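Asker: Please see the structure below; I have some questions.
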Amino acid sequence: MKMKKLAENTLQWLFTKYLDFIERTVKIQWYEENHYGDSQIFGFWHEDSFFMNIVLDKLSAKTTPVDVIVTADTRGNYIENMVQKSGGNALRVPDGFKAFTALKKIVQDSYEKTHSIAVALDGPLGPRHEPKKLAFYLSEHAQEEFVGISLSYSSCLRLKRRWDKYVIPLPFTTVTVAVKDYGVVKKNAVPELPVDAEFAKGAVYLLKGA
């Protein structure tokens, strides 16, 4: 058990140190069609989870603090650590039917506090690029705007054996971030969402000086 915990702590340290290094060397190009309000529901693809820590940290300066929905199992420990290091707060939600109670509390809390919520649309285990209804359930019941976020990378590693083709950006990469507000979205009326920022450029404008 001690060896397992040591290995977990070592990986968390490596992830956060590499995230810090990437943040110092990366160039971000922002394309945005969004009027930031008091709180919104941010949705992104699971493969972009690593770099989304940096994106959400920067977005929190434009809107309210961002809570990130994270799986309650061991995989979520690494994600929670990086979310916290980036100034966010992780909301641990179990998979399957056990999620209902946790999600009910998240919706209730959204009425009582002004926080934005971020969720991986096809998480926690896919299928890849098939959005589940969680983000849109939250948008509908909390009456908050859904904001889709798509990323593309000039240089990166993809873990192709993983279901999500998880992306690890390389140093000095240019990352394009497309942010689009879809308004309040009902869970039974999910819009078509771009899987890559390059495909979203035509729908958004370049934010000068970002």
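Each value in this text was obtained by applying a stated rule to the coordinates, not by laboratory testing. Remember, predicted model here, so these are calculated numbers, not experimental data.
Asker: Output the pairs from K17/K165; K58/K133; K105/K187; K17/K105 with a Cα-Cα distance over 24 Å in this structure; if there are none, say none.
Answerer: Those over the limit are K58/K133; K17/K105.
Asker: Remind me, relative contact order of the chain in percent, using alpha carbon pairs under 8 angstrom and six or more residues apart?
Answerer: Relative contact order, the chain: 30 percent.
Asker: What translational diffusion coefficient, to the nearest whole µm²/s, does the chain have by Stokes-Einstein, given a Kirkwood radius computed over alpha-carbon pairs, a temperature of 25 °C and 0.890 mPa s viscosity?
Answerer: 141 µm²/s
Asker: Another one. Determine the gain in length on full extension of the stretch K160-A61; use 0.36 nm per residue of separation and subtract their C-alpha separation, reporting nm with one decimal.
Answerer: 32.3 nm
Asker: Suppose we keep just the DSSP beta bridges with both residues in the chain; what percent of those would be antiparallel, to 5?
Answerer: For the chain, the DSSP antiparallel bridge percentage is about 35.
Asker: How far, in nm, would the chain grow between F21 and T74 when pulled straight, counting 0.36 nm per residue and subtracting the alpha carbon separation?
Answerer: Extra length available between F21 and T74 comes to 16.6 nm.
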